Every structure is written in structure tokens, then in C-alpha cells.
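Student: This is the structure, below, for whatever I ask next.
The values are calculated or read from the model by the stated rules, or taken from the named source; none is laboratory data. Note that the structure is predicted; figures quoted are calculated from it, not measured. Note: ideal-geometry Cβ built from the backbone for every residue, glycine included; neighbour counts use all protein chains shown.
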Amino acid sequence: MNAETPLLELREVRRHFRVAGRSLAHREVRAVKAVDGVSLRIEHGESLGLVGESGCGKSTIAKLVLGLDTPTEGTVLFKGRDIHRLSGSERRDFRRSVAAVFQDPWGSLNPWLRIGQIIAEPIKINEDVSERERNRRVEELLEDVGLRRDMARRFPHELSGGQRQRVSIARALALRPQLIVLDEPVSALDVSIRAQVMNLLRDLQERHGLSYLLIAHHLATVKFLCKSLAVVYLGRVVETGNSAEILAQPGHPYMRALITASLPARPGVRLQAAGVEGEPPSPLSPPSGCHYRTRCPYVMDRCADEVPPFHGTDRSVRCVLHEPAPGQPEGPIRPLPAPGAAHVGGALQ
Amino acid sequence: MTEEALSTSDSPRDDGVLLSVRELTTVIDTPRGTVVPVDGVSFDVRRGETLGIVGESGSGKSMTALSLMRLVRAPARVASGQVLLNGVDLVQLSEAQMRRVRGSGIGLILQDPMTTLNPVITVGGQMIETLRTHGTATRQAQRSRAVKLLEQVRIPAPADRLKAYQHQLSGGMRQRVAGALALACEPSVLIADEPTTALDATTQIQYLDMLRQLQRESQLAVVFITHDFGIVANMCDRVAVMYAGRLVEVGDVQAIFEKPAHPYTRALLSSVPSIDENPERLPSIPGQPPALHELPVGCSFAPRCPLAMDKCRESPPPTVQVAEGHRAECWLAS
Amino acid sequence: MIRYVARRTIAALATLLVVSIVVFVAGRLAGDPRSHLLGDDATPDQYAALGQKLGLDQPLYVQYFKYLGLLVRGDFGDSISQHRPTLELIGQRMPATLELALVAFLFATVLGLALGVFAAARRGRITDKIIQFVGLTGQALPSFWLGIMLIFLFAVHLRWLPASGMRHWDSIILPAVALGWYFLASFLGLMRSSMLDVLDAEYITMAKSRGLSPLSITWKHAARNALLAPLTFVGVTLGTLITGSLVIETVFAWPGLGKLSIDAVLAADYPLLQGCVIVFTALYMGAALVVDLLYVLVDPRVRLFDAGKEGV
């Protein structure tokens, strides 16, 4: 493993779910391509945000990263090693290095155990330390996440939603992981608590040099915690790159729509649904070629014929609009015009 | 009450106020004592206007919605106050009279698209029954009105959809049907309790766009309950901020965003991150919203307020008229 | 749909096969018919002769395959104790059991479900408590005791209804009530708790918000959804009622299959016993299948999803 090896990498990962057809005559076996050729990289100490709407496959990606599910095709590599081809001790090492925090603060903690026991559990299972040492670590972790030490004796139902998420985070930190997968960690919390937990996550990131794979639908949350961003639509990554840059100037029409749809907390900017049209297509029968073409204000005929490749040098956008002019090399991504404005059949000039 | 007096859809007041809530109080009798989730709530909504009620969990905003329609269930009950719909006080009506107002005077949309429609009755069935209950007489008329309503909420192929069951529709479509049902009998007021919280961002914006259009067409007065300031900024004309059962600040949306008078409002607004900013840390409010059965003496927000004084902890703050149409409950407001 | 029925039928046949083996062996273990037929002072020779006549001297598996062969041709053999074809005896007594089971079933389901809805709609009030108490009695009181008490009260004391037998049209009332009471209590409880869950659902609040009548909300909007939970037990209930009427038939001298089977056991009458058990099993599964098909009619979601989803 050299310095270039990313902490986590997905290479052309696909995850298909077979769905039996309904017709008695021909029993078609159709597949839902929940994850359809996704490649991602997370470097050491850096964080990646995964953005997309329901059904896009981001939760499936999270499970694949955690090793809770096996890809139909492609590989998931942790520190350069395929996580499904690890030896016993390597696998243990992997489990210690990757942790998870989930969305629901009420469902993620065992109501029968005390907080201290919940946080100690991973240590108990994975490490051979004395009870005293374990308890000491638990207290340290509680402090780390901003909870009082005496919380260890309480039960989950005695804690508020925000406190429970902190416990989940403490539990995730128990084995000093390198990567934490966070699936909507703050969406179920009250607005005034969200900021607290977000600050905490940021602090921990700096203090412990953690990498996050953050799944969130709130774009500002992603920007706050993640340097890089990947936008997922119906199982495919459609744009990746630096979060601040993407949010300031989206390359993919879907990203543009998402930004339009995330209403700014500023009055006077009246609602405009421009560029956001149509219903998300069914994952069972996604549109041919570019999945987004049925809702894209810039759609052209060729969008139905081929799956667009990635374009761009400073970041990657899976859209023919960013195709360089014939004979020209790839270049940085240019801004999208307003929908409805004329655009020359293909590339943005 | 005579039939004439009951009719809530004629002669609104001159200032266009359709819904006037005065000191509405709802209590819950629990073994641990009486809890007051809605504590002396007062606001007005005019025709064509959207009032946003912003609050977090436990603030009492959903209870307020149910109280307006008198749908609170035991052990909760509307204890006092007035809910004047076109001059008629709904709190004083008998249950039978209130039933006639529900649907035809006020409509309601709730949060969860998964459970907001009856799973074993078709969309058409639910629409037709609602229409029949409030006076559309013939089957023919009911059916054609149902189709028209589904068209209004932008459901494609509306005639076919009448036969559909709710599990055959997407979340966004279910919420639209819920909207059509709520507005079927042309109420003058619509209460929407977080209708888009469970929807995707792109679905949400389309839904809100549709709602705005419907409102413009029929000059509905809308009470929009949400925790999302983005929605408030883009949908609402006036805002009421709710904390621990009380409205701590009410004003025009411009005023609330630019010159919030209450520390809670200010803190809440600044803790919401925006895409355009790049803060190192997000300003946050320490602690958490209080449990309603353990409210502090004095101002409920004092324990978390950065500006709290001794006076705040001792006595409840007065209502201060900060500006025309803008009031706040705070010792420091002026 | 067809595939579903076919699958269930095949499963039923497989079950019947297994049952036939089990009852065959169990019946042989229960006793020897020869001791009943010949009496205590029979000689060993007479014993052996009768054994040969009845085919009891052959190895067990041979006896079984012979039996199976006859069975698939519809020949259940002759009853040893009553000297008539088994099938004929069963055929004679089956209608009585079915009648009793059906009436008890209607009593238990219709009344039980309705009371459950009522109790839930009036939750916490006197009506609810009374109905719940009634339910409690159903689960606590043994059916034979209940039967005897009913006879005592209605037949002996008040003289409103006949005490036993099948002679009058109203003879079926007491046995059906005694038989069905337990299930009435079950349905009542299931329906009540299901209703309470449904009444908390958002779509009920929404229905109320549209000013729909309370009757419509309780019976049309809520009850139809609440029905789905107890409905899963309806199939089993009908089957259980058909096959579980032994005690009641005895108490009320009701000439049904239950009584016939008990007599067969006591006489170690293998053919009759086997025939009864197999017929019982078939009736049980048939009843369950019919009701499960009806379930599909009630719940639109089940109707439309035929095959399941499988992960790769």
C-alpha cells in the first residue's frame, strides 16, 4: 500500500436485485439495478458526501461500503484490498476501521442496554481489554461527543434525539475507525439540535483525522462536512468533485435541479420550479441512455441512445453537454445556461 | 345556532381576515399533571395569505393544527379560546355542526404520504364519499368533480387514477391526492402540517408550486406548519414562531428574517446552514427544547437564551409590539 | 392465482399422505380391535384366525401400502365395529358436523368481529369494559362446562331450547354457541386491538378532517382495515371448528363426525378411525384454503402482488 492508495474505493460496482415478473406465460426475470456501475474514491482524512433522492441507491452504496452487502459486479477496496477477499485477521481489521452512524436515533440503540454498555459493546467484542480499561474508554468517548460521564448509567429512552445521536457517534468512534459511514445523521433531529451535532462531527473529523462517507439530502450539511461530493441518480454517479465548486456552479442538470429545489432561507426569492420537472422514473424500467433525460430541460435526441461518459478535468460530469468540441481535449466544466436558453447541439461553447 | 349563522363561506370581514384565532388553549391531562401544548395562541389569516407556523418537535404546532379543527383526542382537549372562521366560533359548535365545517370550511393536509390515504378504498371512492357528504348530489357530478380536482393537483390521467389504490401511487402523488381531498369541498382555509417533509426535494418544490397556484386561484387562506425556514421564506407571507406551546414571535416574513425580535428566532435562523456560506462552525442553541411537563418558571426559552436576565427567569415575558404587525414575547424586545 | 391454488393443493395432498401414515401407525399402537370383537375368553386360535381375516398378521408396511392403494381408489375399507363401509358412515355423519361448525363459525366471526369494532369505538367506556369481560369469559371457560351450563339454563330451567340431539331447527343453537364462544372471544380481542391501531392512523384523522360521518369512519374506513389482522385466523378457525367439535358433540349428543371418531378410538376400529382422521384433515385444509382465497378479495394489496421479490 503506497501513499496514493485511497482509503476507500469502489470500482465499477453494480448491485442488481432480481424481481420476478408477474406474467404467468413468460416468467421474465427483471432486475432493479440499484447500483449501476459506480466508481468512487475517498482519500485518507478526506470526506465524501453522497447526494441523491430516494431510490437513487445511496443507501445500497453505504451497505456495500460497510461490507453488509456483496456487489453483483465490481470491487469494494479498503486500503487497496478487496473487502470480500480478506483473511480472518484482515477482516477484523476492516471491521474495526469502518464504522457507521444511522439516521434514526430511536431505532439505533438497544433499549435494553445502558448507554455505557452500548458504547462498550464494540470494544468488548473486538478487543481484549479489562473492564476497567473499557469503562475508562467509554468515559473518554462520552466526553469526546460532549456528553457527561454519568450518562453511561442511563437508558436510551431517557435521552433526547440529539443525545442519542451523540451516543451513536461515540459508539462508532469506539474502535478508533478511519472511516465512518453516516446515513442521514441529522435529518431526524430538531433544527436547533442539528447545528450542535454537525459541529461535533466537524470537530471529531479534525481531531481524529476521520474520513466520512456522508449520505445526506441537505446540501448545506454536505458542504459543511465534506470536501468532495458525488451526486447519484438512479444508481449512477452523475457528478463528482469539490463540493463548494459544484454547489456554486453545478455541472449536471440534475444537480442544478437539486440546488434550485433546496429553498434558501431568504425571503423575496420566490419559489421557482423551473428546471425541476417530472416524476422520478421507476427503478424497474429506467429510461435508456441517460436516466435523467425524461426530466432534463436540456434533453436532446442523442441522450436516449447512449449512456453519457464522464467529462471534465477539474471534476467529472456525466452529461453530453460538457463534451468537448470535436478534436479538443477535455477541459474544465463550464456553467450551464438557464433552461430554455438555446444551446448548440451538444457541447457548451 | 341557525343554519345561516353556520354558513362559514359568506361575508368575510372587510379586512379580509378569514380565520381569527384568539387565545386558543389546548391541554392534556396526564398522570404527571396537566400539560399545555397550545398556550394562548392567537393569530389571523387573511384570504389569499399564507401564515407559516415554525417550531420544533414539542413546540405544539401539530396540536395547534388539530385544535383548529377540533380533532384533538382524549386525554387532550381544547380548554379555552376562540377559533373564528368567517365570524363563527368553531370552539362553541356542537360536534355535529363542527362536522359540517370540516372539509367545507377548513381542510387539512398531514405529513406522512405513506399513511395519509386509506389503503383499502380507491382514490375515487374516498373523493366521492367526501363530495357526497358535503352536498354534491348525483354520482355523475361527484365523479366529474373528482376528476377535475385531480387535474387541479396535476395528477396525470386523472380519470384512470380514480380506480387506483394508494399503494399504486408514488409519495408525491399521494400527497397531491391528499391535497385534492382536503380542497374537494372548497374550504376557505387550508391547514397544511408539514406536507412535504417526507418528500424528496424535487418533489417538494413541485408540490409547493402546485399549492401556491391553487391558493392563487381560489384565494385560500393557508396555515403552513413547518420546521423548514426555506419553505417559510418561499411560501409564506407572515410567520409565527412557536416555542413550548406559545407563539413567541409573529410578523411579516420580511421582518422576521431581517429583524427578528426574539432571541429564539434569531438563534434558529442563524443555525440553519446555507449553501452559499462557508462557516467554520455553525451557531447553535445549547440544550434542547423543554419537555412540556417541566416548563421553567418565567420565560420558557430562558435556560437556552444567550441574553437571559434574572427577570426572564422569574416572570413570563410580556407581548411587545415591535412594529406594525410584528410582535414578540420577550423582555428585551422593543 | 392459479399457481397459488395449485401450490396449496399439492401441499395439502402431501400433508394428507403424512397424516395417513401417522394415523395408521398411531391407530395400530392404540389397541387391537380383536380384543373388542372377541371378548376376554377367546382362544389364541380364534385370535389368530380373526387376525388373518382382518389382515393384521402381515408386516406393518405391507398393511400400509395395501391401505394406501385402496385409499387412492376411494375405498376406505369397512368399519370393524359397525360392519359397514367407512365412507358411508362418515358420509352419514359429516353433514351434522359441518352444519354445527358453520353455525358456530358464523356466530363467532360475525358477532365477534362486530363486538370488537364496537368495543374499540367506545374505548374506555362501560360498553367497552362489558364487551371485554365477555371476551374474557370466552377464553377462560372450558367449552364443555359452558355447554353444560347453557343446557342447564336454557333447556332445563327456562325450557326455551332443546337440551340435546338434532331433532328441531333450534337444536343447533346451544351447541353452536358453546362451540363458538371461545373463538368469538378471540375474534373480539383481535379485532378490538386491530381497530385501536387503525384508529390511530393518519388516514382516519384525515377522514375525520373531511367531516365524514362517525358511522362511516368506524365501519367503512377503520373496520375494513382492521379486518385484515383477524382475517388471517379465520381460515384456521373454520378448520378448528370442524375438527374440534368432539367434546361439544358428546355433551349435546350431536350425531356428528367427532362422536364417530371417539367411538372408533374406543373400539380400536382402525379403518373407521383412519377414515375419520383423513377426512378431518382434508376438511381442515380445504376450509383454510377457501378462506385464504377470500382474503385475497378483501385486501387489494394481496390481489395485485402475485409473485414475490427475490434478491440475487
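Student: For region A:33-62, which positions are buried (at least 17 other Cβ atoms within 10 Å of the Cβ) and either assigned to a helix (DSSP H, G or I) or small (Gly, Ala, Ser) (or both)?
Tutor: Correct list: A:Ala34, A:Ser47, A:Gly49, A:Gly52, A:Gly55, A:Gly57, A:Lys58, A:Ser59, A:Thr60, A:Ile61, A:Ala62.
Student: May I pose another question? Which of the numbered conditions does A:Glu206 fail, given that it passes all the others? Conditions: (1) within 12 Å of another protein chain (Cβ to nearest Cβ); (2) acidic (Asp, Glu); (3) touching a helix residue (DSSP H, G or I) at 6+ places or on another chain (Cβ under 8 Å).
Tutor: Of the numbered conditions (1) within 12 Å of another protein chain (Cβ to nearest Cβ); (2) acidic (Asp, Glu); (3) touching a helix residue (DSSP H, G or I) at 6+ places or on another chain (Cβ under 8 Å), the odd one out for A:Glu206 is (3).
Student: Kindly check whether there is at least one residue in region B:285-300 that is in the same structural domain as B:Ser67 (by TED's automatic domain parsing), touching a residue at least 12 places away in the same chain (Cβ under 8 Å) and not in a loop (DSSP other than H, G, I, E, B).
Tutor: Checked against the condition, which is being in the same structural domain as B:Ser67 (by TED's automatic domain parsing), touching a residue at least 12 places away in the same chain (Cβ under 8 Å) and not in a loop (DSSP other than H, G, I, E, B), region B:285-300 yields at least one hit.
Student: Only one of these conditions is not met by B:Met127: (1) in a strand (DSSP E or B); (2) buried (at least 22 other Cβ atoms within 10 Å of the Cβ). Which number is it?
Tutor: (1)
Student: Take region B:226-246 and flag every residue that is over 13 Å from the mean Cα position of the chain (by Cα) and away from chain A (no Cβ under 11 Å).
Tutor: Within region B:226-246, B:Ala244, B:Gly245, B:Arg246 qualify.
Student: Does A:Gln328 count as farther than 30 Å from B:Arg238 by Cα, surrounded by fewer than 16 Cβ atoms within 10 Å (Cβ to Cβ) and within 14 Å of chain B (Cβ to nearest Cβ)?
Tutor: Working: farther than 30 Å from B:Arg238 by Cα: yes; surrounded by fewer than 16 Cβ atoms within 10 Å (Cβ to Cβ): yes; within 14 Å of chain B (Cβ to nearest Cβ): no.
Spelling it out, it is not the case that A:Gln328 is farther than 30 Å from B:Arg238 by Cα, surrounded by fewer than 16 Cβ atoms within 10 Å (Cβ to Cβ) and within 14 Å of chain B (Cβ to nearest Cβ).
Student: Residues that are in contact with a Phe, Trp or Tyr (Cβ under 8 Å, 6 or more places away or on another chain) and either of a type in the set (Lys, Arg) or at pLDDT below 75 (or both): does region C:36-58 have at least one?
Tutor: Checking region C:36-58: at least one residue is in contact with a Phe, Trp or Tyr (Cβ under 8 Å, 6 or more places away or on another chain) and either of a type in the set (Lys, Arg) or at pLDDT below 75 (or both).
Student: Condition first: among the small types (Gly, Ala, Ser) and within 13 Å of C:Ala178 (Cα to Cα). Now tell me which residues in region C:148-163 satisfy that.
Tutor: C:Ala163
Student: Only residues that are within 11 Å of B:Ile275 (Cα to Cα) and either among the hydroxyl-bearing types (Ser, Thr, Tyr) or away from every other protein chain (no Cβ under 12 Å) (or both): list them for region A:216-244, please.
Tutor: Step one: list which residues in region A:216-244 are within 11 Å of B:Ile275 (Cα to Cα), which gives A:218-224, A:243-244.
Matches in region A:216-244: A:Thr221, A:Ser243.
Student: Among the candidates B:Gln140, B:Gln168, single out the residue that is within 10 Å of another protein chain (Cβ to nearest Cβ), surrounded by fewer than 22 Cβ atoms within 10 Å (Cβ to Cβ) and farther than 30 Å from A:Pro264 by Cα. Steps first, answer last, please.
Tutor: On the way: B:Gln140 fails: within 10 Å of another protein chain (Cβ to nearest Cβ).
Exactly one of B:Gln140, B:Gln168 is within 10 Å of another protein chain (Cβ to nearest Cβ), surrounded by fewer than 22 Cβ atoms within 10 Å (Cβ to Cβ) and farther than 30 Å from A:Pro264 by Cα, namely B:Gln168.
Student: Taking A:Leu263 as the residue in question, decide whether it is crowded, with 16+ Cβ neighbours inside 10 Å, at pLDDT 90 or above and touching a Gly at 6+ places or on another chain (Cβ under 6 Å). Quick ask: steps written out before the conclusion?
Tutor: Values: crowded, with 16+ Cβ neighbours inside 10 Å: yes; at pLDDT 90 or above: no; touching a Gly at 6+ places or on another chain (Cβ under 6 Å): yes.
Spelling it out, it is not the case that A:Leu263 is crowded, with 16+ Cβ neighbours inside 10 Å, at pLDDT 90 or above and touching a Gly at 6+ places or on another chain (Cβ under 6 Å).
Student: For region B:176-209, name all the residues that are more than 8 Å from every other protein chain (Cβ to nearest Cβ) and in contact with a strand residue (DSSP E or B) (Cβ under 7 Å, 6 or more places away or on another chain).
Tutor: Of everything in region B:176-209, those that are more than 8 Å from every other protein chain (Cβ to nearest Cβ) and in contact with a strand residue (DSSP E or B) (Cβ under 7 Å, 6 or more places away or on another chain) turn out to be B:Gly179, B:Leu183, B:Pro187, B:Ser188, B:Val189, B:Leu190, B:Ile191, B:Ala192, B:Asp193, B:Glu194, B:Pro195.
Student: I want to confirm something. Restricting to region C:151-197 and keeping residues that are over 21 Å from C:Ala101 (Cβ atoms) and among the polar types (S, T, N, Q), which single residue is surrounded by the most Cβ atoms within 10 Å (Cβ to Cβ)?
Tutor: C:Ser194
Student: Follow-up. Could you figure out which of (1) more than 14 Å from chain B (Cβ to nearest Cβ); (2) within 29 Å of the chain's Cα centre (by Cα) isn't true of C:Thr127?
Tutor: Result: C:Thr127 fails condition (2) only.
Student: Counting just the residues of region B:282-317 that are among the acidic types (Asp, Glu) and more than 14 Å from every other protein chain (Cβ to nearest Cβ), which one comes out surrounded by the fewest Cβ atoms within 10 Å (Cβ to Cβ)? Give the derivation first.
Tutor: Going through region B:282-317, the residues among the acidic types (Asp, Glu) turn out to be B:294, B:310, B:314.
Remaining after also requiring more than 14 Å from every other protein chain (Cβ to nearest Cβ): B:310, B:314.
On the way: B:Asp310: 9, B:Glu314: 12.
It comes out as B:Asp310.
Student: What number of residues within region A:150-187 satisfy the criterion of being in a helix (DSSP H, G or I) and either acidic (Asp, Glu) or under 23 Å from A:Ser54 (Cβ atoms) (or both)? Walk me through how you get there before you give the answer.
Tutor: Start the filter on region A:150-187 by keeping residues that are in a helix (DSSP H, G or I), which leaves A:150-153, A:156-158, A:161-173.
Still in the running and either acidic (Asp, Glu) or under 23 Å from A:Ser54 (Cβ atoms) (or both): A:150, A:158, A:161, A:165, A:168.
The number of residues fulfilling the criteria is 5.
Student: Looking at region B:132-209, what helices (runs of 4 or more DSSP H) fall wholly within it and have at least 1 residues that are in contact (Cβ under 8 Å) with a residue 40 or more places away in the chain and charged (D, E, K, R)?
Tutor: Numbers: elements: B:139-152, B:158-161, B:171-183.
Per the criteria, B:171-183.
Student: Could you say whether any residue in region B:252-271 is assigned by TED's automatic domain parsing to the domain that holds B:Glu194, outside any helix (DSSP H, G or I) and buried (at least 24 other Cβ atoms within 10 Å of the Cβ)?
Tutor: Looking for residues that are assigned by TED's automatic domain parsing to the domain that holds B:Glu194, outside any helix (DSSP H, G or I) and buried (at least 24 other Cβ atoms within 10 Å of the Cβ), one finds at least one in region B:252-271, hence yes.
Student: Scanning region B:85-121 for residues that are in contact with an Asp or Glu (Cβ under 9 Å, 6 or more places away or on another chain) and farther than 18 Å from C:Glu202 by Cα, which turns out farthest from the other protein chains (Cβ to nearest Cβ)?
Tutor: Taking the candidates together, the pick is B:Asn86.
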